[in-house]
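*Asks:* Mind looking over this structure? Questions follow.
The values are calculated or read from the model by the stated rules, or taken from the named source; none is laboratory data. Being a predicted model, the structure only gives us computed values, none of them experimental. Every residue, glycine among them, receives a Cβ derived from its backbone with ideal geometry; neighbour counts consider all protein chains shown.
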Amino acid sequence: MAVAFGLHVADEAATDFLSWYNPTAQRIRSRLGGLPFPPVFTFWPWLLGLSAVTAILFALTPWAVTRAASLIPVAIGFSIVNIGNGLLHIVASIRLRQRVPGLASAPLLLGCAIWLLVASLRTS
């Protein structure tokens, strides 16, 4: 999952994801009456934040291999978020009839997130 997430971050960064995401987030915000959700980002804080998450995932990998019970809720939550993330890239590309940034790695992210969810639920 750490590798798939890291590749997805690199894919989004290389395909200028924020130029697609930020205008979409702004339109959603305006429809929600100015609610500051979803967040908008600038490139470096966004990239450094996702790089930190990737590094944390790699650091947790040895602990996860031992099937540590305390990581199961984290793994379930992380997998659900990334199932949504992968599906969002794929569905948006189909609906908009264009490749949205991050699409190339979305199937790998989706597959790994589903695997993580199934493995976590079997372990719990």
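*Asks:* Here are Leu103, Leu88, Leu116: which of them is touching a helix residue (DSSP H, G or I) at 6+ places or on another chain (Cβ under 6 Å), surrounded by 13 or more Cβ atoms within 10 Å (Cβ to Cβ) and part of a helix (DSSP H, G or I)? Walk me through how you get there before you give the answer.
*Replies:* Details: Leu103 fails: part of a helix (DSSP H, G or I); Leu88 fails: touching a helix residue (DSSP H, G or I) at 6+ places or on another chain (Cβ under 6 Å).
Within the list Leu103, Leu88, Leu116, the selection yields Leu116.
*Asks:* I'm checking my understanding of the structure. Among residues of segment 22-59 that are assigned to a helix (DSSP H, G or I) and aromatic (Phe, Trp, Tyr), which one is surrounded by the most Cβ atoms within 10 Å (Cβ to Cβ)?
*Replies:* The extreme case among them is Trp46.
*Asks:* Consider only pairs whose beta carbons are under 6 Å apart and that are at least six residues apart or on different chains; among these, list those whose first residue lies in segment 69-85 and is under 21 Å from Leu103 (Cβ atoms) and whose second residue is aliphatic (A, V, I, L, M).
*Replies:* So the pair list comes out as Ser79/Ala113; Ser79/Leu116; Ser79/Leu117; Asn82/Leu109; Asn82/Ala113; Ile83/Ala113.
Yes/no matrix, rows are residues, columns are (1) over 20 Å from Leu88 (Cα atoms); (2) at pLDDT 95 or above:
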{"site": "Asp11", "(1), (2)": "no, yes"}
{"site": "Ser19", "(1), (2)": "no, yes"}
{"site": "Phe43", "(1), (2)": "yes, yes"}
{"site": "Trp46", "(1), (2)": "no, yes"}
{"site": "Leu57", "(1), (2)": "yes, yes"}
{"site": "Val65", "(1), (2)": "yes, no"}
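*Asks:* Can you work out which of the residues in segment 103-124 that are among the β-branched types (Val, Ile, Thr) and modelled with pLDDT of 95 or more is nearest to the chain's Cα centre (by Cα)? Steps first, answer last, please.
*Replies:* Looking only at segment 103-124, we keep the residues that are among the β-branched types (Val, Ile, Thr), and these are 114, 118, 123.
Those still in the list that are modelled with pLDDT of 95 or more too: 114, 118.
Numbers: Ile114: 13, Val118: 17 Å.
That would be Ile114.
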